[in-house]
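Everything on this sheet refers to the single structure shown next.
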Amino acid sequence: MKQPLPFLLTKTDSFYDRLGDWIGDVFYDLLPEKGFELRDEQIYMAFQLEKAFKEKKIMFAEAGVGTGKTIVYLLYALCYARYTGKPALIACADESLIEQLVKKEGDIKKIEDALELEIDVRLAKARDQYLCLKKLDLEVGKKATEGISSVYDTLPRFVQSQGSMQKFEKYGDRKDYPFLTEDEWKSIAWDSLQDCLSCELRHRCGQTLHREYYRDAADIIVCSHDFYMEHIWTKDSRKREGQRPLLPEVSCVIFDEGHLLEYACQKALTYKFTSETLETLLNRLMSNDVREETLYMMENVLYESEKLFHFISRKAIKVRGSERYEINKTDELMDSARTLYHLINQLTEQFVYESELFVLNEYDLRIVEEYLEQILYSLKLFIQDKNGIAWFEMTDNYHTLVIMPRLVEEILREEVFSKNIPYIFSSATLSNEGDFSYICKSLGINEYLSLRVESPFDYSQQMNISIHIEDHYPKVHKWAEYVNSIKIANGKTLILFNTNETMLEFKKYIQQKNDIPFPIIFEGDGEISRLVEQFQNNEETVLCSYHLWEGLDIPGPSLSNVIINELPFPPHDPVFEAKRKNSDNSFYDVDLPYMLLRLKQGIGRLIRSSSDSGNIQLWLKKAENEIIMEYIKAILPVEATFSN
């Protein structure tokens, strides 16, 4: 239902004129009366943003930490949604940051309270954030953990009943089960290998019920970059399958931490070819009255598929710090890939003939054809090499070939930015000293508006940065320094790691210590938004994370100490290796810019209001100190001191 605007608009009024007047009233009068700081940088951004909405343009809004940029774009998104009658979409960097926006201390709640508004905000989470009933049944059939058994015991009654669903409620969100560890959750959560279309439980599935709920949002839908790009990439195929797109039509799109959109796009355009899934789908067709010639062709495809995966797994090399394996493209492997491509191509043509005979189940055939088309496209990228990035994933039950396109700008230009709606990119790090050409090129954007405002904080009075050279310390002694720092700060510490593996090494060290008087929580111990809430609400707490370099907003006394365990260089996984191979100087073109951007974001977690103060500890290796110290100094908000 269309909601009323927060200001009076008559038939003769210009919406944008009245919007501008209201924005002025909000920032000059209404918010200051409720105790909000009046910030020139925020007001400048607010009036600049109007042009992007009025002209339906793309805008890069680079605003330093503490500008209050979130409140600005929320006000515009709300008014524009109510004016057009379509919800606004806000895409956050990842799933962990979605809850940050809607938490009880967050900016949406602040706006509601200060302006006496009721805002209809609904979360559209990625599919792996929802419970899979079939996987839950499998785990319960084994020797399930106490946590998983608790999930099963608390399922709503209508899930297990056989009658019609006259009354139902939303359930199955990851946030509903904060007591589960990440490993427990992954064992019962949806994954890409689930065949939801053929699942007899899909109409009672929590994911399905959540989809119906957020599609009816009146004002704002919040999702992750990954989920938005998955929507863009799957909307046509979902329509062909008789399904609704993941997201409804929206009035505008705001990319929070917009500098990360390229990675989300690549991830969403990823093809996964799983030998086990192909076997399951073809075996289902074989149970039909299939002609002998077609049956023989399907068996050949399965044989060659098994052969391909044998060649891959035999030579695959584990990537350190990643769940991925590097693929060694031997001659026999590439010959097998070309043979499989040829056989699948023949089989798809054969299915056209079979469909005319009406001997195959139409629904099953449509699913198989869709999957085979994806395999053909991914194998083509794999064979051509220059057009695709490939790696291998192995678990006890599945072997998966993963392929993503190398360049995404053409797809984004056609599928996203060709739409005549406002697109706003918001971040503290979008440009290189005011030059937006890099992000424009990577995203396929030709025309845009831009603004740039600095942080209003006086960092010289609020922040101290110390640099420690790691080579002077054995690792155990380095971590002992962390413990000492935590004690001096009385908890109140965020420790940022670059990989999960390094964080787990520190966790193992901490578990052997008995003299730490403060609770230390680790990413993965439970649902991430609950861990952040626990950290914020209990002042003498330590939070260890490898994901929260961006977006974490903890103003006030709960955070006064940030320890950066290592420089956040990109991983040595196939995605970045492909970028490195396409560069003349990979360290300076790929590794260094990524690291500096992420380091700047990590440092930005400390000071979130004008009354905050605290310390940053940055740990470097001696070789890093000698090579790139000048680059690091250039992005630090204050001059650093060196610790021996």
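The values are calculated or read from the model by the stated rules, or taken from the named source; none is laboratory data. Since this is a predicted model, take the numbers as computed values, not measurements. Cβ placement follows ideal geometry from the backbone for every residue including glycine, while neighbour counts extend to all protein chains displayed. SASA here: full protein model, heavy atoms, side chains in, ligands and nucleic acids out. Shrake-Rupley method; radii C 1.70, N 1.55, O 1.52, S 1.80 Å.
Assuming residue 82 fulfils every condition listed in (1) touching a residue at least 24 places away in the same chain (Cβ under 8 Å); (2) over 23 Å from residue 216 (Cβ atoms) apart from one, which condition is it?
Every condition holds for residue 82 apart from (2).
Of the conditions (1) crowded, with 21+ Cβ neighbours inside 10 Å; (2) at pLDDT below 80; (3) among the β-branched types (Val, Ile, Thr), residue 290 satisfies every one except a single condition; which number is it?
(1)
Considering every residue within region 490-500, establish whether at least one is part of a loop (DSSP other than H, G, I, E, B), surrounded by 17 or more Cβ atoms within 10 Å (Cβ to Cβ) and among the aliphatic types (A, V, I, L, M).
Checked region 490-500: no residue is part of a loop (DSSP other than H, G, I, E, B), surrounded by 17 or more Cβ atoms within 10 Å (Cβ to Cβ) and among the aliphatic types (A, V, I, L, M).
Looking at residue 46 and the list (1) in a helix (DSSP H, G or I); (2) closer than 22 Å to residue 604 by Cβ; (3) in contact with a strand residue (DSSP E or B) (Cβ under 8 Å, 6 or more places away or on another chain), which single condition is not satisfied?
Just one mismatch for residue 46, condition (3).
In the list 94, 25, which residue meets the criterion of being among the charged types (D, E, K, R) and over 26 Å from the mean Cα position of the chain (by Cα)?
The unique qualifying residue is 25.
Contact list please: Cβ distance under 6 Å, first residue in region 272-283 and under 17 Å from residue 343 (Cα atoms), second residue in a strand (DSSP E or B), pairs at least six apart or on different chains.
Within 6 Å, the pairs are 273/401; 274/400; 275/399.
Let me spell it out: the conditions are (1) hydrophobic (A, V, I, L, M, F, W, C); (2) in a loop (DSSP other than H, G, I, E, B); (3) within 24 Å of the chain's Cα centre (by Cα), and residue 123 meets all of them except one. Which number is the exception?
The one condition residue 123 does not meet is (2).
Looking only at region 1-51, which residues are crowded, with 17+ Cβ neighbours inside 10 Å and small (Gly, Ala, Ser)?
Across region 1-51, the qualifying residue is only 46.
Find the residue count for region 615-632, including only residues that are charged (D, E, K, R) and touching a residue at least 12 places away in the same chain (Cβ under 8 Å).
Count: 3.
Output yes when any residue across region 86-99 is without any contact (Cβ under 8 Å) to a residue 40 or more places away in the chain, under 21 Å from residue 527 (Cα atoms) and touching a strand residue (DSSP E or B) at 6+ places or on another chain (Cβ under 9 Å), and no when none is.
no
Would you mind stating whether residue 110 is outside any loop (DSSP other than H, G, I, E, B), in contact with an Asp or Glu (Cβ under 6 Å, 6 or more places away or on another chain) and not acidic (Asp, Glu)?
no
Filter region 452-489 down to the residues that are aromatic (Phe, Trp, Tyr) and either touching a Lys or Arg at 6+ places or on another chain (Cβ under 7 Å) or open to solvent by less than 30 Å² (accessible area, probe 1.4 Å) (or both) and list them by number.
457, 479, 482, listed by residue number.
Going residue by residue through region 156-165, is there one that turns out to be of a type outside the set (S, T, N, Q), surrounded by fewer than 13 Cβ atoms within 10 Å (Cβ to Cβ) and in contact with a Phe, Trp or Tyr (Cβ under 8 Å, 6 or more places away or on another chain)?
Looking for residues that are of a type outside the set (S, T, N, Q), surrounded by fewer than 13 Cβ atoms within 10 Å (Cβ to Cβ) and in contact with a Phe, Trp or Tyr (Cβ under 8 Å, 6 or more places away or on another chain), one finds at least one in region 156-165, hence yes.
Run down 464, 484 and say which single residue is free of Cβ contacts under 8 Å to residues at least 40 places away in the same chain, out of contact with any Gly (no Cβ under 6 Å at 6 or more places or on another chain) and either farther than 30 Å from residue 91 by Cα or of a type in the set (D, E, K, R) (or both).
Going through 464, 484 in turn, just one is free of Cβ contacts under 8 Å to residues at least 40 places away in the same chain, out of contact with any Gly (no Cβ under 6 Å at 6 or more places or on another chain) and either farther than 30 Å from residue 91 by Cα or of a type in the set (D, E, K, R) (or both): 484.
State the number of residues belonging to region 1-36 that are charged (D, E, K, R), assigned to a loop (DSSP other than H, G, I, E, B) and out of contact with any Gly (no Cβ under 8 Å at 6 or more places or on another chain).
Count: 3.
May I ask you to list the residues in region 214-272 that are closer than 24 Å to residue 53 by Cα, among the acidic types (Asp, Glu) and in a loop (DSSP other than H, G, I, E, B)?
Passing the criteria: 216, 219, 249, 257.
Give the residues of region 219-271 that are under 16 Å from the mean Cα position of the chain (by Cα) and of a type in the set (Lys, Arg), sorted by residue number.
Correct list: 267 only.
Can you name every residue in region 52-78 that is assigned to a helix (DSSP H, G or I) and either at pLDDT 95 or above or open to solvent by less than 20 Å² (accessible area, probe 1.4 Å) (or both)?
Hits for region 52-78 are 52, 53, 54, 55, 71, 72, 73, 74, 75, 76, 77, 78.
Identify, by number, the condition in (1) among the hydroxyl-bearing types (Ser, Thr, Tyr); (2) in contact with a Pro (Cβ under 9 Å, 6 or more places away or on another chain); (3) closer than 30 Å to residue 600 by Cβ that residue 263 doesn't meet.
Evaluating residue 263 over (1) among the hydroxyl-bearing types (Ser, Thr, Tyr); (2) in contact with a Pro (Cβ under 9 Å, 6 or more places away or on another chain); (3) closer than 30 Å to residue 600 by Cβ leaves (2) as the failure.
Being in a helix (DSSP H, G or I) and of a type in the set (Gly, Ala, Ser) is the filter here; which residues of region 273-297 pass it?
Within region 273-297, just 275 meets the criteria.
Which one of 383, 445, 389 is β-branched (Val, Ile, Thr), open to solvent by less than 80 Å² (accessible area, probe 1.4 Å), at pLDDT 80 or above and under 20 Å from the mean Cα position of the chain (by Cα)?
Exactly one residue qualifies, and that residue is 389.
Please determine, by comparing only the residues of region 420-435 that are farther than 15 Å from residue 263 by Cβ and open to solvent by 10 Å² or more (accessible area, probe 1.4 Å), which one is nearest to the chain's Cα centre (by Cα).
That would be 428.
If we scan region 430-444, do we find a residue that is on the phi > 0 side of the Ramachandran plot and of a type outside the set (D, E, K, R)?
yes
List the number of the failed condition for residue 583; all other conditions in (1) among the small types (Gly, Ala, Ser); (2) over 29 Å from residue 66 (Cα atoms); (3) touching a Lys or Arg at 6+ places or on another chain (Cβ under 8 Å) hold.
In the conditions (1) among the small types (Gly, Ala, Ser); (2) over 29 Å from residue 66 (Cα atoms); (3) touching a Lys or Arg at 6+ places or on another chain (Cβ under 8 Å), residue 583 misses (3) alone.
Listed here are the residues, each with its yes/no results for (1) in contact with a Ser or Thr (Cβ under 7 Å, 6 or more places away or on another chain); (2) over 24 Å from residue 364 (Cα atoms); (3) open to solvent by less than 10 Å² (accessible area, probe 1.4 Å).
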| site | (1), (2), (3) |
| --- | --- |
| 202 | yes, no, no |
| 207 | no, no, no |
| 229 | no, yes, yes |
| 238 | no, no, no |
| 245 | no, no, no |
| 264 | no, yes, yes |
| 273 | yes, no, yes |
| 282 | no, no, yes |
